[in-house]
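Bear in mind that the values in this text are calculations on the coordinates, not laboratory data. Nothing here was measured: the structure is a model prediction, and the numbers come from that model. FYI the Cβ positions are ideal-geometry reconstructions off the backbone, even for glycines, and counts take in every protein chain you see.
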Amino acid sequence: MLLRQGISLQDGGLTGSAISHWQAMLATSTRLLGAGHAQAVAARDRLAVALAAAGRSGDAIAVFQTALADRERHQGYEPPDTITARGHLASAYSAAGQPAQAVAAYEQMVADASRQLGGWHPVTLTGRIGLAQTYLTVGRDSDSVAAYQELMTDTERILGPDHPMTRTVREDLGHAAGTG
């Protein structure tokens, strides 16, 4: 999901600077406001994104897990930020070559997002794309094709046939259907 959304700090050699910045922000906000404060949790999220962008998947997963646990403990399981954090963790699992964990995290994220935000919400649609991709990665080709077919119907209806997300889903569906 992170890479799909175009988050890349590697361009221009910014990963090291971003990681240092967010480590400092996390330390300061935790010291001054507490680990559960919204600013500390946001800094933790951004640190994890920077670690993922730097290719440090294991470190990113650990930080994403902590950020998600903090969000769940202090904000609950249902808010959009918590749902998005679960999607980031799923994406990090996928990038780290842990597809079983990615599938479980995406399935929970998509269920929560559909229930809380609606099937049309961008967070939900993005999670569904990640889940369909991960199904393909773990060899669940028929589940992937079915997920992409549903996404195709929904993105065409919601976003229109020429929207970039619809075109991406159409392309991904073609790839998934061609593997089975």
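One table, with the values for the structure above:
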quantity: The range 93-180: chymotrypsin sites (Phe, Trp or Tyr not before Pro) falling in loop per DSSP and having at most 13 other Cβ within 10 Å; calculated: TRP120
quantity: Between the range 70-96 and the range 128-148, the Cα center-to-center distance that results, in Å; calculated: 20 Å
quantity: For the range 25-36, 3J(HN,Hα) per residue [Karplus equation, 6.51 cos²θ - 1.76 cosθ + 1.60, θ = phi - 60°, Hz, x = Gly/Pro]; calculated: 4, 5, 4, 5, 5, 5, 5, 7, 10, x, 5, x
quantity: Label point distance in nm, HIS175-LEU33, each placed 7 Å from Cα along Cα→Cβ; calculated: 3.7 nm
quantity: Residue-wise HN-Hα coupling along the range 91-104, computed from phi with Karplus coefficients 6.51, -1.76, 1.60 (Hz; x: Gly, Pro); calculated: 4, 5, 4, 4, 5, 8, x, 10, x, 4, 5, 5, 4, 4
quantity: Neighbour net charge for ASP162 - beta-carbon separation under 11 angstrom, K R +1, D E -1; calculated: +1
quantity: Cβ-based net charge around ARG128, under 9 Å, with every Lys or Arg adding one and every Asp or Glu removing one; calculated: -2
quantity: Matching label, mean projected area of the Cα convex hull in nm² computed from the structure shown, candidates (i) 11.1; (ii) 9.4; (iii) 10.2; calculated: (iii)
quantity: J(HN,Hα) series, the range 67-80, from Karplus relation 6.51 cos²θ - 1.76 cosθ + 1.60, nearest Hz, glycine and proline x; calculated: 4, 5, 4, 5, 4, 4, 5, 9, 10, x, 8, 9, x, x
